[in-house]
Amino acid sequence: MSNVAVFDQNAGMGVLAESPLVHVKGVKGSQTPGVVIREKAFLGYLTLRGNAADAAFCAGVEQALGMPLPKQPLALNQNEQKGSSIQWLSPDEWLVVVQGGTEYETEMALRSELSGHFAVVNISGGQTLLTLSGSAAQEVLHKSTVYDVHPRNFPVGKAVATNFAKATAIIRRPSEGTWELIVRRSFADYCYRWLIDASQEFGVDYE
Amino acid sequence: MHEAVARECSAVRERVGILDASTLGKIDIQGKDAREFLARVYTNKWAQLGINKCRYGLMCKDDGMVMDDGVTTCLGDNHFLMTTTTGGAAGILEWLELWHQTEWPELEVYFNSVTDHWATMTITGPSARDLLSEITDIDLSKESFKFMECREGMVADVPARVYRISFTGELTYEINVQANYAMHVWKALFEHEETYGLTPYGTETMHVLRAEKGFIIVGQDTDGSVTPEDLGMQWCVGYDKPFSWIGKRALSRPDTRRKDRKQLVGLLPTDPKVVLEEGAQIVFDPKQQVPMKMKGHVTSSYYSPTLGQGFALALVMGGAERMGEKVYMPMADGTVHEAEIVSPIFLDPKGERQNV
């Protein structure tokens, strides 16, 4: 462990944390919203790197996270009990999303289960997550990305990192009625405002 | 605008200023071959860099021309944090991946962007230590936290990494915290605003302060045709390193060894009120016929409130051997500016201000 410097970066209570969208205020409860947008702020995010062909690596990840390592490109696995997920990003790279404040213990759990050549990096300050639901959520995504979000191409359990409104974002489909967008901190304000604007024609409820 | 920059420059040189440096590219590097990889992509040496020590690094493309620079810190034997220029952040990550995947896949190392994760607040100036000591449990005494070192500790009740590195030439601490806590730390610093004269400064001021020290900006003072030696940075090139690092071979070509290459120099205009135009062409003889023989150009130029005059950095053919000589900048309106070639370090050449 001494070879890599890991420390708990969470401040205690009494320190005000601010999400990248702290400055934006919206309208809650519009009459008949076609799109409902919510931010899930302050989640924990870890980048995981390793060799998916190494059975010990895969077993260690599953042991630490309580869900299997997705080996198929663009696959999203979830642990509903823990409210966590792991997403394939590239052949040796995954994004782990956990409940806020548990990223340090999750990193330590991964480090104690894994050995050899791997990396875990805490990136929890680097992005935020938005959920899109409502009857027109898919329509809004159609307007915003060149990626085909039609259900025949984008089933539940899929996640892609792609272009979004000329910026980049991760688009995920964790369940039938819900889409998730993970946006970089520096793009968060822009992507959020884009979504609000693109959703106007359907009626939008956001906070 | 000019008044604001002058005010901010004076605040940093006399008391303490603060810059939001969060945009700086940051790459987390882990793996048992991380150190070896750094030695291959940087021109200088990394074998001896100890834990919690920082080092300036210069990167060349395979043609031997400077492509990026930044400070990299050893956080653990298998763990480094590389910083890159703001604009170069994405490109350098791709560059590292390219060389790893195509040339040296046997090296066990992973690169991950942490640019957005860390917020960086740079506090710099003679009062930086006193200011930071108000809100941290880190021992800031000059004996225990030296220049070019890194420490972990609490800053305003937030876990932080603090790097003692300097782009202004002043006593400087770069406070890094998880970005969600940045505003909290910023406000905690500003609770001591009046005591220390804490002044926020922007990128333009940063440009003036670094130019006074002769610190280059890759892409402004370089243009893809400039070698480390052209910048007078021979000290940052390890020709005797065991592995043939990127750019080494190109730097042994006769063309990159010419004595009359364009080299980085300082310029002091004869008229101290003149601020030369960036990009202005430089000639040695202003009376020659048009088209004149171009011998270089101005790369950075500002008014310095500290020096009380305009000053510039420039690339001049054979400039390193021309100290004290006069050069001329004929402008489109017919005026001709005269300046003297001087060292590119205008302030505190021994680095005493940052090493206190």
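The values are calculated or read from the model by the stated rules, or taken from the named source; none is laboratory data. Just so it is clear, the structure is predicted and the values come from calculations on it, not from any experiment. Methodologically, a virtual Cβ is constructed for each residue, glycine included, from the backbone with ideal geometry; neighbour enumeration extends over all protein chains shown. All accessible areas refer to the heavy atoms of the entire protein, side chains included, with ligands and DNA or RNA removed. Shrake-Rupley method; radii C 1.70, N 1.55, O 1.52, S 1.80 Å.
Things worth noting here:
- Accessible surface buried by the A/B pair amounts to about 2800 Å², both sides summed, 1.4 Å probe.
- For chain B, built as a Gaussian network whose Cα springs stay under 10 Å, the top-fluctuating residue of B:Gly76, B:Gly202, B:Gly318: B:Gly76
- Whichever lysines have a C-alpha closer than 17 Å to that of A:Lys71, once near sequence neighbours (fewer than 8 apart) are set aside: A:Lys158
- Fluctuation leader among A:Glu80, A:Glu113, A:Glu139 - chain A, Gaussian network, Cα springs under 10 angstrom: A:Glu80
- Under a model in which nothing but the beta-carbon of Lys, Arg (+1) and Asp, Glu (-1) is charged, the range B:25-113 shows a dipole of about 420 debye around its Cα centre.
- When you filter the chymotrypsin sites (Phe, Trp or Tyr not before Pro) in the range B:63-158 for DSSP loop state and at most 16 other Cβ atoms inside 10 Å of their Cβ, you are left with B:Phe147.
- Relative contact order (percent, whole number), chain B, Cα cutoff 8 Å, 6+ residue spacing: 19 percent
- With protein chains left intact and a 1.4 Å probe, residues in the protein assembly as shown average 43 Å² of accessible area per residue.
- Highest mean packing comes first when the peptides B:182-194, B:22-34, A:43-55 are listed by Cβ atoms within 10 Å, giving B:22-34, A:43-55, B:182-194.
- Distance from the range A:89-161 to the range B:237-267 (C-alpha centre basis), Å: 44 Å
- Residues of the range B:172-193 whose accessible area, computed with a 1.4 Å probe over protein heavy atoms, drops by at least 40 Å² once all protein chains are present relative to their chain alone are B:Gln178, B:Asn180, B:Tyr181, B:His184.
- Listed residues B:Arg15, B:Arg249, B:Arg261, most fluctuating in chain B (Gaussian network, C-alpha, under 10 Å): B:Arg249
- Charged neighbours of B:Met65, selected by a Cβ distance under 10 Å, balance to -3 (K, R count +1; D, E count -1).
- The residue list B:Leu268, B:Gly310, B:Gly214 was ranked by how far each Cα lies along the charge dipole of the range B:200-337 toward its positive end, using unit charges on Cβ atoms, and B:Gly214 comes out on top.
- In the protein assembly as shown, the DSSP beta bridges split such that about 95 percent are antiparallel, to the nearest 5.
- Relative contact order [Cα under 8 Å, 6+ residues apart], the range B:259-348, whole percent: 40 percent
- Of B:His192, A:Gln9, B:Thr72, farthest towards positive along the dipole that unit charges on Lys, Arg, Asp, Glu beta carbons give the protein assembly as shown: B:Thr72
- Cα centroids of the range A:191-207 and the range B:317-343: 57 Å apart.
- Rounded Å value of the spacing that divides the Cα centres of the range A:26-61 and the range B:1-64: 32 Å
- In the protein assembly as shown, helical runs assigned H by DSSP with n ≥ 4 each contribute -39500 (n - 2.57); averaged across all residues and rounded to the nearest 500, the mean residue ellipticity at 222 nm is -6000 deg cm²/dmol.
- Only one residue of A:Ala55, A:His150, A:Ser19 has its Cα farthest out toward the positive end of the dipole of chain A, where Lys and Arg carry +1 and Asp and Glu -1 on Cβ, and that residue is A:His150.
- Comparing the full protein assembly with the isolated chain, the residues of the range B:100-128 losing at least 50 square angstrom of accessible surface (1.4 Å probe) are B:Tyr110, B:Asn112, B:Asp116, B:His117.
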